[in-house]
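The values are calculated or read from the model by the stated rules, or taken from the named source; none is laboratory data. Source: prediction; values computed, not measured. Because the Cβ atoms are built from the backbone with ideal geometry, glycine has one as well, and the counts that use them run over all protein chains shown. Note: areas computed on protein heavy atoms with side chains; ligands, DNA, RNA excluded. Shrake-Rupley method; radii C 1.70, N 1.55, O 1.52, S 1.80 Å.
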Amino acid sequence: MNIAIDGPGGSGKSLLARNIARKLGLIYVDTGALYRTVGLNACRHGIAMDDKAGIVASLEGITVELKYEDGEQHVYLCGEDVSGLIRSPEISMYASAVSSVPEVRAFLDGMQRSMVARGGVVMDGRDIGTVIMPDADVKIFLFASPKQRAERRYLELAEKGENVTLDEVLSDITKRDRADREREASPAVPADDAVMLDNSGFEPKDTFAAAIRIINGQLGTNYDDVL
Ligand code: DC
């Protein structure tokens, strides 16, 4: 079974995908971490976010790998574990910028498809249901109002000690939403056969329960025991 979860930043995709993976015995693949890692590399080389040629050149000779350690996904850039360095607001904007470059998408495509081919994955991202796993058994497009998503992201960042305001987070989320949705290469839009799930006002457990109901409804399974 392969499950695709797409949606904008702060919708709670990662938490939902991680919970589904844990409870249903699947492997969680956070594809945003791959774009964030390419973004971190571009940032470290001082490449401007709108310098497409520079971004393409920055791919030369780099390796990006996913590894699983104690059940958690770690992402490696040229052998260095950068998992803890890719969640800052600056790298979020870099990730969005590099993700609009077709060469970057092509660079990360094979790795994602080989994970899908192994089977048993819950993958989250922007183009999973449309491009990476068009044949996924279940596709969920998770979203919430921009204000709610900004509040969630703000709390996460504040907990990590990042010095940001709610207004800055809301402005970044709105910019990133538009750029991700309106780009030409694999835009962040729902697949035609995705189930839309609006989790505005939901706690994580409500989102999980709603997703399990969707999975049961689509596959005819009965996973109510994991709730
Ligand atoms: O899910 P995230 O916030 O970690 O993703 C960071 C950026 O990466 C996001 O702004 C768009 C891009 N991305 C993408 O284009 N395709 C994916 N499958 C996942 C992420």
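Side notes on the structure shown:
- In Å², nearest 10: area of Glu65 left accessible to a 1.4 Å probe: 70 Å²
- Ordered from largest to smallest accessible area (heavy atoms of protein chains, 1.4 Å probe), the residues His45, His74 come out as His45, His74.
- Taking 27 Å as the limit for the C-alpha separation, the pairs Lys23/Lys147; Lys13/Lys67; Lys139/Lys205; Lys160/Lys205; Lys52/Lys175 exceed it in the case of Lys23/Lys147.
- Extension gain from Lys67 to Arg178, taking 0.36 nm per residue of separation minus the Cα-Cα distance: 36.9 nm
- With only the Cα atoms considered, region 4-97 has a convex hull volume of 103 Å³ per residue.
- Most simply put, the chain has about 35% antiparallel DSSP beta bridges, counting only bridges with both residues inside it.
- Surface accessible to a 1.4 Å probe, Asp50 within the full protein complex, Å²: 130 Å²
- Stretch gain in nm, segment Lys23-Leu155, where the contour uses 0.36 nm per residue and the Cα spacing is subtracted: 45.0 nm
- Solvent-accessible area of Glu103 with every protein chain in place, 1.4 Å probe, in Å² to the nearest 10: 90 Å²
- Charge dipole magnitude, Cβ of K and R +1, D and E -1 - region 136-227, Cα centre, debye nearest 20: 140 debye
- Amide N proximity, region 121-145 versus Tyr223 label position 7 Å along Cα-to-Cβ, cut-off under 18 Å: 121-125, 128-129, 133-143
- If R0 equals 22 Å, the separation of the Cβ atoms of Asp135 and Ala106 corresponds to a calculated FRET efficiency of about 0.60.
- Efficiency of FRET between Ala117 and Ser88 - r from beta-carbon atoms, R0 30 angstrom, step 0.05: 0.40
- Residue-span extension gain [Asp81 to Ala48] - 0.36 nm each, minus C-alpha spacing: 9.5 nm
- FRET efficiency for the pair Ala57 and Glu203, taken as 1/(1 + (r/R0)^6) with r the Cβ-Cβ distance and R0 = 41 Å, rounds to 0.35.
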